[in-house]
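Below you'll find the structure, written out as structure tokens, and then a few comments.
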Amino acid sequence: MNAKSGHLPLPALPEIDVEEFRKVVRSRRSVRRFTDEPIPDAVLADCLELATLAPNSSNLQPWEFYVVRTPELRARLAEACLGQNAATTAPVLIAIVARPDTWRKHARLALEDWPKDEKLPSIVEKYYKKIAPIHYNQGPCGLLGVAKKTAGLALGLARPVPRGPYSVNEMKVWATKSTALAAENLILALRAHGFDSCPMEGFDECRVRRLLKLPRKGLVTMVLAAGRRAENGVYNRQYRFDRKNLIRYL
Ligand SMILES: Cc1cc2nc3c(=O)[nH]c(=O)nc-3n(C[C@H](O)[C@H](O)[C@H](O)COP(=O)(O)O)c2cc1C
């Protein structure tokens, strides 16, 4: 610990070859047909662990991954994914679920999991004990959210203030943002291991929920089909719009 700054010494940064990263990103495609080859357990576990290292709001990790490999359940889930080729051919389907409702439990966990041999910084303790319970709590029928929004509107006339999340719906967006980042980590990790995937939002959410017995407030952000790319797995050339329509330097 550096006595002056209070910061822990961090491990030296590794050398990184940007070309290796570029290969991962550039070779990733949404793959719609997979071979029968299973993804080894260790590879899948590594990819899921890398997924959970995604940046996420307040480190509250508002996500869950439901990994489906058994043929019978997979076939039923593929059907709920509207029988898409990616779903029917993939050896693994992963429902990536956002949890707008786990913040309270996770705020507690963040404090409990703090390494016993390190002093808990008071700012961290204050954040999870005092600030998060106000910031993320919308109260009964969302009334606290309405009160926070009103206070924010008044205070915001004079100075910058947080503008949400102020409702149950905004909490859904809040959880989905972080969960989508974890999904991208998972997709890129699979590619780095030589496997491929297809994120799908084309599914019957009611059926997926019922089938996987998902928690009531969980939101299926995507179902990810994953496996080894088949020769005819990519349907067309990758294209993107002209960057000048999409990127603004200010
Ligand atoms: C949130 C999301 C939902 C998607 N849903 C589907 C889907 O249901 N079925 C499908 O075949 N592809 C789906 N895709 C894949 C997109 O069609 C694909 O990413 C896009 O066409 C660009 O192609 P590329 O991924 O090969 O670069 C989805 C992608 C995202 C990010």
Work from the charge dipole of the chain (Cβ charges, +1 for Lys and Arg, -1 for Asp and Glu, about the Cα centre) and give the residue of Leu224, Cys81, Tyr127 farthest towards its positive end. Tyr127
Quote the charge dipole size of region 1-119 about the Cα centre in Debye, to the nearest 20; the model charges only the Cβ of Lys and Arg (+1) and of Asp and Glu (-1). 480
Treat every Asp and Glu Cβ in the chain as -1 and every Lys and Arg Cβ as +1, leave all other atoms uncharged, and give the resulting dipole magnitude about the Cα centre to the nearest 20 debye. 1100
Net charge within 10 Å of Ser197 by Cβ-Cβ distance, Lys/Arg positive one each and Asp/Glu negative one each, not counting Ser197 itself? +3
Just for the chain, what percent of DSSP beta bridges are antiparallel, to the closest 5? 95
Net charge dipole size for region 156-199 [Lys, Arg +1 and Asp, Glu -1 on Cβ; Debye, nearest 20]: 240
Sum up the charges of everything whose Cβ sits under 12 Å from the Cβ of Lys23, counting Lys and Arg as +1 and Asp and Glu as -1, but leave Lys23 out. +1
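Please give me, ordered by residue number, the trypsin sites (Lys or Arg not before Pro) of region 115-205 that lie in loop per DSSP and have at most 15 other Cβ atoms within 10 Å.
Sparse-neighbourhood loop trypsin sites (Lys or Arg not before Pro): Lys116, Lys119, Arg163.
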What lysines could a cross-link reach from Lys130, if we take a straight Cα to Cα line under 30 Å and drop same-chain neighbours fewer than 8 places away? Lys4, Lys105, Lys116, Lys119, Lys148, Lys149, Lys172, Lys177, Lys217
A 1.4 Å probe over the protein heavy atoms gives region 6-162 a carbon and sulfur accessible-area percentage of 61
Chymotrypsin sites (Phe, Trp or Tyr not before Pro) lying in DSSP loop within region 193-241, provided at most 11 other Cβ fall within 10 Å: Tyr235, Tyr239, Phe241
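The values are calculated or read from the model by the stated rules, or taken from the named source; none is laboratory data. From a predicted model like this one, the values you see are computed outputs, not experimental measurements. Neighbour counts are summed over all protein chains in view; Cβ atoms, including those assigned to glycine, are modelled from backbone coordinates with ideal geometry. In case anyone asks, the SASA skips ligands and DNA or RNA and just uses the protein heavy atoms, side chains included. Shrake-Rupley method; radii C 1.70, N 1.55, O 1.52, S 1.80 Å.
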